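Enquirer: Before we start, here is the structure in question, set down as C-alpha coordinates.
The values are calculated or read from the model by the stated rules, or taken from the named source; none is laboratory data. Quantities reported herein were computed from a predicted structural model and do not represent experimental measurements. Quick reminder, even Gly has a Cβ in these numbers, built from the backbone with ideal geometry, and neighbours come from all protein chains shown. With ligands, DNA and RNA removed, areas are computed over all heavy atoms of the protein, side chains included. Shrake-Rupley method; radii C 1.70, N 1.55, O 1.52, S 1.80 Å.
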Amino acid sequence: MLQFITKVKLLFNNLTGKIGFYPSLFAFGGLCLGFIMLYAESQGISKFLIENAPKLVINDADTARTLLSTFIGGIISLMVFSFSMVMILLNQASNNYSPRILPGLISNKRHQYVLGYYIATLIYCILVLLSIKPTDNKYQLPGFSVLIGIILSMLVLALFIYFIHSISEAIQINKIIETIYQKAKIRLTELTSQTDEEYSQEDFPDSEDWNIIRIDKTGYLQTIATNALLEFCDEANCKVELLAAKGTFILKNVPIVKCDIELDEKQQDQLFTCFGFSRSEIVTHNYVLGFKQLTEIAIKAMSPGINDPGTAITCIDYLSELFALRLCKKDFSYFKNEDNQAVISLRTINFKELIYFVFVPLRIYCKHDIIMLHKMLTALYFLLQSESVIDDAHVIIINEANLILQDAKQSITNEKDLSGVFAIREKIAAINTTTIELVALNP
(Lines give C-alpha, C1' and ligand atoms only; values in the text may rest on other atoms or scores of the structure.)
Protein backbone atom coordinates (compact mmCIF):
# COMPACT_ATOMS: atom_id res chain seq x y z
CA MET A 1 0.00 0.00 0.00
CA LEU A 2 2.80 2.38 0.91
CA GLN A 3 4.45 1.71 -2.45
CA PHE A 4 1.22 2.63 -4.27
CA ILE A 5 1.00 5.85 -2.25
CA THR A 6 4.64 6.56 -3.10
CA LYS A 7 3.95 6.05 -6.79
CA VAL A 8 1.05 8.52 -6.58
CA LYS A 9 3.25 11.01 -4.74
CA LEU A 10 5.99 10.73 -7.37
CA LEU A 11 3.42 11.28 -10.11
CA PHE A 12 2.03 14.29 -8.25
CA ASN A 13 5.54 15.74 -7.80
CA ASN A 14 6.19 15.42 -11.53
CA LEU A 15 2.88 17.11 -12.34
CA THR A 16 3.41 19.99 -9.93
CA GLY A 17 6.84 20.57 -11.45
CA LYS A 18 5.25 21.48 -14.79
CA ILE A 19 4.81 25.20 -15.47
CA GLY A 20 1.24 24.71 -16.67
CA PHE A 21 -0.08 22.72 -13.67
CA TYR A 22 -1.13 25.53 -11.33
CA PRO A 23 -2.38 27.83 -14.13
CA SER A 24 -4.58 24.93 -15.29
CA LEU A 25 -6.04 24.58 -11.78
CA PHE A 26 -6.73 28.31 -11.62
CA ALA A 27 -8.35 28.21 -15.08
CA PHE A 28 -10.60 25.36 -13.98
CA GLY A 29 -11.45 27.32 -10.83
CA GLY A 30 -12.40 30.36 -12.92
CA LEU A 31 -14.62 28.18 -15.10
CA CYS A 32 -16.33 26.67 -12.05
CA LEU A 33 -16.83 30.11 -10.48
CA GLY A 34 -18.42 31.34 -13.70
CA PHE A 35 -20.94 28.48 -13.78
CA ILE A 36 -21.66 28.86 -10.06
CA MET A 37 -22.43 32.55 -10.52
CA LEU A 38 -24.63 31.83 -13.55
CA TYR A 39 -26.53 29.27 -11.49
CA ALA A 40 -26.92 31.83 -8.68
CA GLU A 41 -28.25 34.33 -11.24
CA SER A 42 -30.82 31.78 -12.37
CA GLN A 43 -31.93 31.54 -8.73
CA GLY A 44 -32.51 35.31 -8.60
CA ILE A 45 -29.51 36.61 -6.69
CA SER A 46 -29.36 39.82 -8.75
CA LYS A 47 -33.10 40.38 -8.29
CA PHE A 48 -32.70 39.98 -4.53
CA LEU A 49 -29.77 42.44 -4.42
CA ILE A 50 -31.53 45.02 -6.60
CA GLU A 51 -34.40 45.03 -4.16
CA ASN A 52 -32.24 45.09 -1.00
CA ALA A 53 -28.84 46.58 -2.01
CA PRO A 54 -29.24 48.21 -5.44
CA LYS A 55 -25.84 49.92 -5.31
CA LEU A 56 -24.11 46.52 -5.51
CA VAL A 57 -25.68 45.62 -8.84
CA ILE A 58 -25.08 46.94 -12.35
CA ASN A 59 -28.45 47.06 -14.08
CA ASP A 60 -27.45 48.46 -17.49
CA ALA A 61 -26.60 45.86 -20.12
CA ASP A 62 -24.55 48.17 -22.36
CA THR A 63 -22.42 49.29 -19.44
CA ALA A 64 -21.86 45.71 -18.34
CA ARG A 65 -20.89 44.56 -21.84
CA THR A 66 -18.52 47.50 -22.27
CA LEU A 67 -16.82 46.89 -18.94
CA LEU A 68 -16.39 43.16 -19.44
CA SER A 69 -15.14 43.60 -23.02
CA THR A 70 -12.61 46.18 -21.82
CA PHE A 71 -11.43 43.88 -19.01
CA ILE A 72 -11.05 40.92 -21.37
CA GLY A 73 -8.94 42.91 -23.81
CA GLY A 74 -6.89 44.47 -21.02
CA ILE A 75 -6.17 41.15 -19.30
CA ILE A 76 -5.04 39.59 -22.58
CA SER A 77 -2.69 42.56 -23.13
CA LEU A 78 -1.29 42.23 -19.61
CA MET A 79 -0.71 38.50 -20.11
CA VAL A 80 1.14 39.06 -23.36
CA PHE A 81 3.27 41.85 -21.90
CA SER A 82 4.02 40.04 -18.62
CA PHE A 83 5.16 36.76 -20.06
CA SER A 84 6.94 38.28 -23.03
CA MET A 85 9.01 40.08 -20.44
CA VAL A 86 9.54 36.79 -18.59
CA MET A 87 10.91 35.14 -21.73
CA ILE A 88 13.29 38.04 -22.33
CA LEU A 89 14.56 37.91 -18.75
CA LEU A 90 14.97 34.15 -18.87
CA ASN A 91 16.99 34.46 -22.06
CA GLN A 92 19.16 37.09 -20.39
CA ALA A 93 19.66 34.88 -17.33
CA SER A 94 20.62 31.93 -19.54
CA ASN A 95 23.19 33.98 -21.45
CA ASN A 96 24.69 35.80 -18.47
CA TYR A 97 24.56 33.21 -15.71
CA SER A 98 23.83 29.57 -16.59
CA PRO A 99 21.16 27.65 -18.51
CA ARG A 100 20.85 25.32 -15.51
CA ILE A 101 19.09 27.99 -13.44
CA LEU A 102 16.18 28.25 -15.89
CA PRO A 103 14.13 25.35 -14.44
CA GLY A 104 14.27 27.00 -11.03
CA LEU A 105 13.13 30.35 -12.41
CA ILE A 106 10.39 28.86 -14.58
CA SER A 107 9.04 26.71 -11.73
CA ASN A 108 8.59 29.75 -9.48
CA LYS A 109 5.08 29.08 -8.17
CA ARG A 110 4.31 32.72 -7.43
CA HIS A 111 4.59 33.57 -11.12
CA GLN A 112 2.49 30.53 -12.01
CA TYR A 113 -0.20 31.72 -9.58
CA VAL A 114 -0.28 35.13 -11.25
CA LEU A 115 -0.61 33.55 -14.70
CA GLY A 116 -3.33 31.25 -13.41
CA TYR A 117 -5.27 34.13 -11.88
CA TYR A 118 -5.08 36.05 -15.16
CA ILE A 119 -6.51 33.08 -17.05
CA ALA A 120 -9.19 32.38 -14.42
CA THR A 121 -10.42 35.97 -14.48
CA LEU A 122 -10.38 36.00 -18.27
CA ILE A 123 -12.51 32.82 -18.47
CA TYR A 124 -14.93 34.14 -15.85
CA CYS A 125 -15.43 37.45 -17.67
CA ILE A 126 -16.03 35.66 -20.99
CA LEU A 127 -18.69 33.40 -19.44
CA VAL A 128 -20.49 36.34 -17.82
CA LEU A 129 -20.29 38.38 -21.03
CA LEU A 130 -21.87 35.53 -23.00
CA SER A 131 -24.71 35.33 -20.49
CA ILE A 132 -25.76 38.97 -21.03
CA LYS A 133 -28.75 38.93 -23.36
CA PRO A 134 -30.47 41.95 -24.91
CA THR A 135 -33.56 42.59 -22.76
CA ASP A 136 -35.36 45.47 -21.09
CA ASN A 137 -35.91 43.51 -17.91
CA LYS A 138 -33.21 44.56 -15.45
CA TYR A 139 -33.91 41.48 -13.33
CA GLN A 140 -32.59 39.24 -16.13
CA LEU A 141 -29.23 41.04 -16.25
CA PRO A 142 -26.47 39.17 -14.29
CA GLY A 143 -25.60 42.37 -12.46
CA PHE A 144 -24.01 40.77 -9.41
CA SER A 145 -21.84 38.49 -11.57
CA VAL A 146 -20.66 41.56 -13.48
CA LEU A 147 -19.74 43.20 -10.16
CA ILE A 148 -17.70 40.13 -9.18
CA GLY A 149 -15.96 40.32 -12.58
CA ILE A 150 -15.07 43.98 -11.94
CA ILE A 151 -13.59 43.12 -8.54
CA LEU A 152 -11.56 40.23 -9.99
CA SER A 153 -10.29 42.45 -12.80
CA MET A 154 -9.20 45.14 -10.33
CA LEU A 155 -7.20 42.49 -8.48
CA VAL A 156 -5.50 41.67 -11.79
CA LEU A 157 -4.00 45.17 -11.77
CA ALA A 158 -2.72 44.66 -8.22
CA LEU A 159 -1.19 41.31 -9.19
CA PHE A 160 0.42 42.89 -12.24
CA ILE A 161 2.24 45.37 -9.98
CA TYR A 162 3.29 42.50 -7.72
CA PHE A 163 4.45 40.49 -10.73
CA ILE A 164 6.67 43.33 -11.99
CA HIS A 165 8.26 43.63 -8.55
CA SER A 166 8.68 39.86 -8.14
CA ILE A 167 10.21 39.15 -11.55
CA SER A 168 12.62 42.10 -11.31
CA GLU A 169 13.78 40.80 -7.93
CA ALA A 170 13.97 37.15 -8.96
CA ILE A 171 16.26 37.88 -11.91
CA GLN A 172 18.92 39.60 -9.77
CA ILE A 173 22.02 37.45 -9.61
CA ASN A 174 22.44 37.82 -5.84
CA LYS A 175 18.88 36.61 -5.36
CA ILE A 176 19.43 33.67 -7.72
CA ILE A 177 22.62 32.63 -5.92
CA GLU A 178 21.00 32.92 -2.49
CA THR A 179 17.99 30.90 -3.64
CA ILE A 180 20.21 28.10 -4.96
CA TYR A 181 22.21 28.14 -1.74
CA GLN A 182 19.12 28.01 0.48
CA LYS A 183 17.58 25.09 -1.45
CA ALA A 184 20.84 23.12 -1.37
CA LYS A 185 21.31 23.91 2.33
CA ILE A 186 17.79 22.76 3.24
CA ARG A 187 18.16 19.55 1.27
CA LEU A 188 21.61 18.80 2.70
CA THR A 189 20.39 19.44 6.25
CA GLU A 190 17.36 17.18 5.72
CA LEU A 191 19.51 14.41 4.31
CA THR A 192 21.93 14.65 7.22
CA SER A 193 19.12 14.40 9.77
CA GLN A 194 17.08 11.70 7.99
CA THR A 195 19.80 9.21 7.14
CA ASP A 196 21.16 6.98 9.85
CA GLU A 197 24.93 7.39 10.04
CA GLU A 198 25.63 5.85 13.42
CA TYR A 199 26.91 2.76 11.63
CA SER A 200 30.38 2.33 10.26
CA GLN A 201 30.98 1.08 6.75
CA GLU A 202 31.87 -2.33 8.17
CA ASP A 203 28.37 -2.75 9.66
CA PHE A 204 26.80 -3.26 6.25
CA PRO A 205 27.48 -6.66 4.62
CA ASP A 206 29.85 -7.03 1.70
CA SER A 207 27.73 -6.83 -1.46
CA GLU A 208 30.28 -8.07 -3.98
CA ASP A 209 28.35 -11.30 -4.71
CA TRP A 210 24.86 -9.81 -4.51
CA ASN A 211 22.37 -9.95 -7.38
CA ILE A 212 22.50 -6.98 -9.75
CA ILE A 213 19.19 -5.42 -10.83
CA ARG A 214 19.07 -3.33 -13.99
CA ILE A 215 16.62 -0.51 -14.61
CA ASP A 216 14.40 -0.34 -17.67
CA LYS A 217 14.02 3.48 -17.63
CA THR A 218 16.12 6.44 -18.70
CA GLY A 219 16.40 9.78 -16.94
CA TYR A 220 17.73 11.55 -13.88
CA LEU A 221 17.27 9.65 -10.64
CA GLN A 222 15.33 12.43 -8.98
CA THR A 223 13.70 10.83 -5.93
CA ILE A 224 14.28 7.78 -3.75
CA ALA A 225 11.27 6.94 -1.58
CA THR A 226 13.16 5.55 1.41
CA ASN A 227 10.02 4.72 3.45
CA ALA A 228 8.61 2.63 0.61
CA LEU A 229 12.02 1.05 0.09
CA LEU A 230 12.19 0.10 3.78
CA GLU A 231 8.73 -1.45 3.53
CA PHE A 232 9.83 -3.43 0.49
CA CYS A 233 12.92 -4.72 2.31
CA ASP A 234 10.77 -5.83 5.26
CA GLU A 235 8.28 -7.61 3.01
CA ALA A 236 10.94 -9.33 0.92
CA ASN A 237 13.28 -9.87 3.90
CA CYS A 238 16.23 -8.49 1.97
CA LYS A 239 18.90 -5.81 1.97
CA VAL A 240 19.66 -3.49 -0.93
CA GLU A 241 22.56 -1.33 -1.99
CA LEU A 242 22.00 1.52 -4.42
CA LEU A 243 24.64 1.77 -7.12
CA ALA A 244 23.64 5.20 -8.46
CA ALA A 245 23.61 8.45 -6.54
CA LYS A 246 20.59 10.72 -6.59
CA GLY A 247 20.82 13.15 -9.49
CA THR A 248 22.73 10.69 -11.69
CA PHE A 249 21.53 10.27 -15.27
CA ILE A 250 20.50 6.63 -15.60
CA LEU A 251 20.64 4.83 -18.94
CA LYS A 252 18.48 1.86 -19.81
CA ASN A 253 19.80 -1.56 -18.66
CA VAL A 254 22.37 0.06 -16.38
CA PRO A 255 22.77 -1.61 -12.93
CA ILE A 256 21.01 0.50 -10.32
CA VAL A 257 20.58 -1.79 -7.29
CA LYS A 258 22.23 -4.80 -5.67
CA CYS A 259 20.11 -7.14 -3.56
CA ASP A 260 21.21 -9.96 -1.26
CA ILE A 261 18.43 -12.24 -2.60
CA GLU A 262 17.16 -12.97 -6.09
CA LEU A 263 14.00 -11.01 -6.86
CA ASP A 264 11.30 -12.17 -9.23
CA GLU A 265 9.78 -9.89 -11.88
CA LYS A 266 6.92 -8.74 -9.65
CA GLN A 267 9.27 -7.85 -6.82
CA GLN A 268 11.52 -5.93 -9.20
CA ASP A 269 8.52 -3.92 -10.40
CA GLN A 270 7.69 -3.13 -6.77
CA LEU A 271 11.28 -2.09 -6.19
CA PHE A 272 11.28 0.25 -9.19
CA THR A 273 8.22 2.11 -7.86
CA CYS A 274 10.47 3.43 -5.08
CA PHE A 275 12.48 5.47 -7.61
CA GLY A 276 11.34 8.64 -9.31
CA PHE A 277 12.86 9.66 -12.64
CA SER A 278 12.78 13.00 -14.41
CA ARG A 279 14.22 14.62 -17.52
CA SER A 280 15.44 17.61 -15.54
CA GLU A 281 17.37 18.15 -12.32
CA ILE A 282 15.90 19.92 -9.30
CA VAL A 283 17.99 21.41 -6.47
CA THR A 284 15.33 20.67 -3.84
CA HIS A 285 15.74 16.94 -4.60
CA ASN A 286 19.51 16.88 -5.09
CA TYR A 287 21.83 19.17 -3.17
CA VAL A 288 24.77 18.30 -5.45
CA LEU A 289 23.05 20.22 -8.23
CA GLY A 290 23.31 23.31 -6.03
CA PHE A 291 27.10 22.92 -6.05
CA LYS A 292 27.05 22.47 -9.84
CA GLN A 293 24.91 25.54 -10.45
CA LEU A 294 26.97 27.82 -8.21
CA THR A 295 30.15 26.57 -9.89
CA GLU A 296 28.78 27.17 -13.39
CA ILE A 297 27.60 30.68 -12.48
CA ALA A 298 31.07 31.47 -11.13
CA ILE A 299 32.76 30.17 -14.29
CA LYS A 300 30.34 32.04 -16.55
CA ALA A 301 30.95 35.22 -14.55
CA MET A 302 34.71 34.88 -15.13
CA SER A 303 34.34 34.49 -18.91
CA PRO A 304 35.70 37.40 -21.01
CA GLY A 305 32.21 38.17 -22.33
CA ILE A 306 30.73 38.62 -18.84
CA ASN A 307 33.78 39.67 -16.79
CA ASP A 308 32.05 39.78 -13.40
CA PRO A 309 34.53 38.61 -10.73
CA GLY A 310 32.28 39.92 -7.95
CA THR A 311 29.64 37.31 -8.78
CA ALA A 312 32.28 34.57 -8.91
CA ILE A 313 33.56 35.57 -5.46
CA THR A 314 30.02 35.50 -4.07
CA CYS A 315 29.55 31.99 -5.47
CA ILE A 316 32.73 30.77 -3.78
CA ASP A 317 31.53 32.26 -0.47
CA TYR A 318 28.29 30.29 -0.69
CA LEU A 319 30.14 27.17 -1.85
CA SER A 320 32.35 27.44 1.23
CA GLU A 321 29.30 27.40 3.49
CA LEU A 322 27.81 24.42 1.66
CA PHE A 323 31.10 22.51 1.89
CA ALA A 324 31.20 23.24 5.63
CA LEU A 325 27.73 21.69 5.91
CA ARG A 326 28.83 18.74 3.81
CA LEU A 327 31.69 18.10 6.23
CA CYS A 328 29.03 17.37 8.87
CA LYS A 329 27.76 14.41 6.83
CA LYS A 330 29.66 11.20 6.37
CA ASP A 331 30.39 9.78 2.95
CA PHE A 332 27.98 6.88 3.39
CA SER A 333 24.32 6.70 4.37
CA TYR A 334 22.40 3.75 5.77
CA PHE A 335 18.74 3.34 6.65
CA LYS A 336 17.71 0.90 9.34
CA ASN A 337 14.51 -1.09 9.82
CA GLU A 338 12.41 -1.52 12.96
CA ASP A 339 14.88 -4.13 14.25
CA ASN A 340 17.65 -1.50 14.13
CA GLN A 341 19.43 -3.28 11.27
CA ALA A 342 20.91 -1.40 8.33
CA VAL A 343 19.04 -2.71 5.29
CA ILE A 344 19.55 0.11 2.76
CA SER A 345 22.88 1.49 1.64
CA LEU A 346 22.65 4.69 -0.38
CA ARG A 347 25.22 5.62 -2.99
CA THR A 348 26.39 9.12 -2.13
CA ILE A 349 28.76 11.54 -3.81
CA ASN A 350 31.64 11.49 -1.37
CA PHE A 351 33.38 14.63 -0.19
CA LYS A 352 36.52 13.94 -2.24
CA GLU A 353 34.55 13.68 -5.50
CA LEU A 354 32.44 16.70 -4.70
CA ILE A 355 35.23 19.11 -3.84
CA TYR A 356 37.39 17.94 -6.73
CA PHE A 357 34.72 18.35 -9.41
CA VAL A 358 33.81 21.78 -8.03
CA PHE A 359 37.36 23.12 -7.90
CA VAL A 360 38.61 21.58 -11.16
CA PRO A 361 36.71 23.97 -13.45
CA LEU A 362 37.37 26.87 -11.09
CA ARG A 363 41.10 26.18 -11.25
CA ILE A 364 41.11 25.79 -15.02
CA TYR A 365 39.16 28.95 -15.82
CA CYS A 366 40.38 31.16 -12.96
CA LYS A 367 44.04 30.19 -12.54
CA HIS A 368 45.17 33.45 -14.18
CA ASP A 369 43.13 35.59 -11.79
CA ILE A 370 44.93 36.51 -8.57
CA ILE A 371 41.77 37.39 -6.66
CA MET A 372 40.04 34.12 -7.49
CA LEU A 373 43.07 32.04 -6.55
CA HIS A 374 43.29 33.94 -3.29
CA LYS A 375 39.58 33.37 -2.66
CA MET A 376 39.74 29.64 -3.40
CA LEU A 377 42.65 29.13 -1.02
CA THR A 378 40.86 31.18 1.62
CA ALA A 379 37.84 28.91 1.23
CA LEU A 380 40.00 25.83 1.79
CA TYR A 381 41.62 27.52 4.80
CA PHE A 382 38.12 28.05 6.21
CA LEU A 383 37.19 24.41 5.60
CA LEU A 384 40.29 23.19 7.43
CA GLN A 385 39.02 24.98 10.52
CA SER A 386 35.44 23.71 10.17
CA GLU A 387 34.01 20.85 12.16
CA SER A 388 34.12 17.57 10.26
CA VAL A 389 32.92 13.97 10.66
CA ILE A 390 34.89 12.79 7.62
CA ASP A 391 38.09 11.05 8.67
CA ASP A 392 40.34 12.09 5.77
CA ALA A 393 38.80 15.53 5.19
CA HIS A 394 42.03 17.39 5.97
CA VAL A 395 44.02 15.23 3.56
CA ILE A 396 41.50 15.93 0.79
CA ILE A 397 41.54 19.67 1.45
CA ILE A 398 45.36 19.85 1.57
CA ASN A 399 45.62 17.95 -1.72
CA GLU A 400 43.17 20.38 -3.32
CA ALA A 401 45.18 23.32 -1.99
CA ASN A 402 48.32 21.84 -3.55
CA LEU A 403 46.62 21.61 -6.93
CA ILE A 404 45.69 25.29 -6.73
CA LEU A 405 49.20 26.28 -5.68
CA GLN A 406 50.72 24.28 -8.55
CA ASP A 407 48.46 25.98 -11.08
CA ALA A 408 49.27 29.36 -9.57
CA LYS A 409 53.02 28.78 -9.97
CA GLN A 410 52.59 27.75 -13.61
CA SER A 411 50.17 30.51 -14.61
CA ILE A 412 51.32 33.63 -12.75
CA THR A 413 54.62 35.17 -13.73
CA ASN A 414 54.53 38.24 -11.50
CA GLU A 415 56.44 37.27 -8.36
CA LYS A 416 54.74 39.86 -6.17
CA ASP A 417 51.29 38.62 -7.12
CA LEU A 418 52.45 35.06 -6.64
CA SER A 419 53.80 35.81 -3.17
CA GLY A 420 50.38 37.25 -2.24
CA VAL A 421 48.72 33.99 -3.24
CA PHE A 422 51.28 31.94 -1.32
CA ALA A 423 50.68 34.04 1.79
CA ILE A 424 47.48 32.02 2.22
CA ARG A 425 49.64 28.91 1.82
CA GLU A 426 51.50 29.86 5.01
CA LYS A 427 48.23 30.16 6.94
CA ILE A 428 47.14 26.76 5.70
CA ALA A 429 50.52 25.25 6.59
CA ALA A 430 50.18 26.58 10.14
CA ILE A 431 47.07 24.44 10.75
CA ASN A 432 48.07 21.49 8.57
CA THR A 433 47.73 18.36 10.71
CA THR A 434 48.52 15.92 7.91
CA THR A 435 51.84 14.51 6.75
CA ILE A 436 51.42 16.07 3.30
CA GLU A 437 53.75 18.93 2.47
CA LEU A 438 52.25 21.99 0.82
CA VAL A 439 53.74 23.22 -2.45
CA ALA A 440 56.37 25.85 -1.72
CA LEU A 441 56.93 29.03 -3.68
CA ASN A 442 60.67 28.49 -3.89
CA PRO A 443 61.52 24.78 -3.57
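Enquirer: Taking 7 Å along the Cα-to-C-beta vector as the label spot, tell me the Asn59-Glu265 distance in nanometres, rounded to one decimal.
Expert: 7.4 nm
Enquirer: Output the 0 to 90 degree angle, nearest 10, between the alpha-carbon long axis of helix 287-301 and the longest principal axis computed from the alpha carbons of the chain.
Expert: The answer is roughly 90 degrees.
Enquirer: Take the Cα pairs of the chain, get the Kirkwood Rh, then feed it into Stokes-Einstein at 37 °C and 0.692 mPa s and tell me D in µm²/s.
Expert: D, rounded to a whole number, is 125 µm²/s.
Enquirer: Would you grab the residues whose amide H sits under 5 Å from the one on Ala244? Only those 5+ places off in sequence or on another chain, please, with H modelled 1.01 Å from N.
Expert: Arg347
Enquirer: Also, quick follow-up: Given points 7 Å out from each Cα along the Cα-Cβ axis, report the Lys416 to Asn337 separation in nanometres with one decimal.
Expert: Label-label distance for Lys416 and Asn337, simple model: 7.0 nm.
Enquirer: Per the Kirkwood definition applied to all pairs of different Cα atoms, how many angstroms is the hydrodynamic radius of the stretch 358-443?
Expert: The Cα-based Kirkwood calculation yields 13.0 Å.
Enquirer: Which entries of Lys330/Lys375; Lys375/Lys409; Lys47/Lys133; Lys185/Lys239; Lys239/Lys352 have Cα-Cα distances beyond 21 Å here?
Expert: Table pairs above 21 Å Cα-Cα are Lys330/Lys375; Lys185/Lys239; Lys239/Lys352.
Enquirer: Something else: Between Asp209 and Thr433, take the C-beta separation as r, use R0 = 30 Å, and let me know the FRET efficiency to the nearest 0.05.
Expert: With R0 = 30 Å, the Cβ-Cβ based efficiency is 0.20.
Enquirer: For the stretch 175-181, take each phi angle, set θ = phi - 60°, evaluate the Karplus expression 6.51 cos²θ - 1.76 cosθ + 1.60, and give the result in whole Hz per residue in order, putting x for glycine and proline.
Expert: With coefficients 6.51, -1.76 and 1.60, one gets 5, 4, 4, 5, 5, 4, 4 Hz.
Enquirer: Return the percentage of antiparallel bridges among DSSP beta bridges fully within the chain, rounded to the nearest 5 %.
Expert: Restricted to the chain, the bridges split so that about 90 percent are antiparallel.
Enquirer: Suppose every Lys and Arg Cβ carries +1 and every Asp and Glu Cβ carries -1, with no other charges. What dipole size does the chain come out with about its Cα centre, to the nearest 20 debye?
Expert: Computed charge dipole of the chain: roughly 1960 debye.
Enquirer: A follow-up question, please. Of the peptides 108-118, 299-309, how do they stack up when ordered by the mean number of other Cβ atoms within 10 Å, highest first?
Expert: Going from most to least packed, we get 108-118, 299-309.
Enquirer: Could you give each residue of the stretch 113-123 its phi-based ³J(HN,Hα) in whole Hz, using Karplus coefficients 6.51, -1.76, 1.60 with θ = phi - 60°, and x for Gly or Pro?
Expert: The phi angles translate into 5, 4, 4, x, 5, 4, 5, 4, 5, 4, 5 Hz.
Enquirer: For the ranges 242-248, 410-416, what's the packing order if you count other beta-carbon atoms within 10 Å of each residue, average per peptide, and put the highest first?
Expert: Those peptides, ordered most packed to least, come out 242-248, 410-416.
Enquirer: Quick check: at a probe of 1.4 Å, how many percent of the accessible area of the chain sits on carbon and sulfur atoms?
Expert: Within the chain, the accessible surface is 57 percent carbon and sulfur.
Enquirer: Quick one: 3J(HN,Hα) in Hz for the stretch 60-76, Karplus 6.51/-1.76/1.60 with θ = phi - 60°, rounded, Gly and Pro as x.
Expert: Each residue's phi maps through the Karplus curve to give 10, 5, 5, 4, 4, 5, 5, 4, 5, 4, 5, 5, 4, x, x, 5, 4 Hz.
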